[in-house]
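*Asks:* Once you've had a glance at the structure underneath, I'll fire off some questions.
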Amino acid sequence: METPKIFESEYKFACIVWEKEPISVKELIKLCNEQLEWKRTTTYTVLKRLCERGILQNEDGIVTSLYSKEEIQYSESKQFLDKTFEGSLPGFLAAFLKGQKVSDSEIEELRQMLDDFKKS
């Protein structure tokens, strides 16, 4: 099953759910008002949309996710990489790092991640 697409405002909303789940709709409305400055109706609209697309579920006023944050991040990253860099991770890294300073510790962290990936 393919991971559904999630848009920027939906992602911010889902981050609240991932951080607090299971969360009541009442608490979600309060947090969306505080963090996103959304009205109640906006929260309900986005919740309904994400439930219809199978990303979240709302059962008896309790909201939980059907996809983890990591699953959504992976899917979004892969789509971006495929669309923008023809799936080339080295191409992405070259473009992303061009003109940026990268510390020795960041280079070592990336090297370690690649070594760990290679081992698995």
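*Asks:* Applying the selection to region 24-40, what residues are out of contact with any helix residue (DSSP H, G or I) (no Cβ under 8 Å at 6 or more places or on another chain), outside any helix (DSSP H, G or I) and more than 19 Å from I62 (Cβ to Cβ)?
*Replies:* The answer is E37, and nothing else.
*Asks:* Quick check, is K101 surrounded by 13 or more Cβ atoms within 10 Å (Cβ to Cβ) and either hydroxyl-bearing (S, T, Y) or without any contact (Cβ under 8 Å) to a residue 40 or more places away in the chain (or both)? Steps first, please.
*Replies:* Values: surrounded by 13 or more Cβ atoms within 10 Å (Cβ to Cβ): no; either hydroxyl-bearing (S, T, Y) or without any contact (Cβ under 8 Å) to a residue 40 or more places away in the chain (or both): yes.
So K101 does not fit the description; no.
*Asks:* Going by the conditions given, is L36 under 17 Å from the mean Cα position of the chain (by Cα), more than 23 Å from T3 (Cα to Cα) and in contact (Cβ under 8 Å) with a residue 24 or more places away in the chain?
*Replies:* Here the answer is yes, as L36 does meet what is asked.
*Asks:* Mind checking which pairs have a first residue in region 13-25 that is modelled with pLDDT of 95 or more and a second that is assigned to a helix (DSSP H, G or I) and surrounded by fewer than 19 Cβ atoms within 10 Å (Cβ to Cβ), Cβ under 6 Å, 6 or more apart or different chains?
*Replies:* Close Cβ pairs (under 6 Å, with a partner that is assigned to a helix (DSSP H, G or I) and surrounded by fewer than 19 Cβ atoms within 10 Å (Cβ to Cβ)) amount to I16/L31; W18/K69.
*Asks:* A further question follows. In region 58-95, which residues are surrounded by 14 or more Cβ atoms within 10 Å (Cβ to Cβ) and not in a helix (DSSP H, G or I)?
*Replies:* N58, I62, V63, S65, Y67 - these are the residues of region 58-95 that are surrounded by 14 or more Cβ atoms within 10 Å (Cβ to Cβ) and not in a helix (DSSP H, G or I).
*Asks:* Specify the residue that is farthest from T64 (Cα to Cα); the eligible residues are those in region 2-33 that are more than 12 Å from the chain's Cα centre (by Cα), of a type in the set (D, E) and surrounded by 12 or more Cβ atoms within 10 Å (Cβ to Cβ).
*Replies:* E27
The values are calculated or read from the model by the stated rules, or taken from the named source; none is laboratory data. This one's a predicted model, so the numbers in the text were calculated from it and none came from an experiment. With ideal geometry, Cβ positions are generated from the backbone for all residues, glycine too; neighbour counts draw on all protein chains shown.
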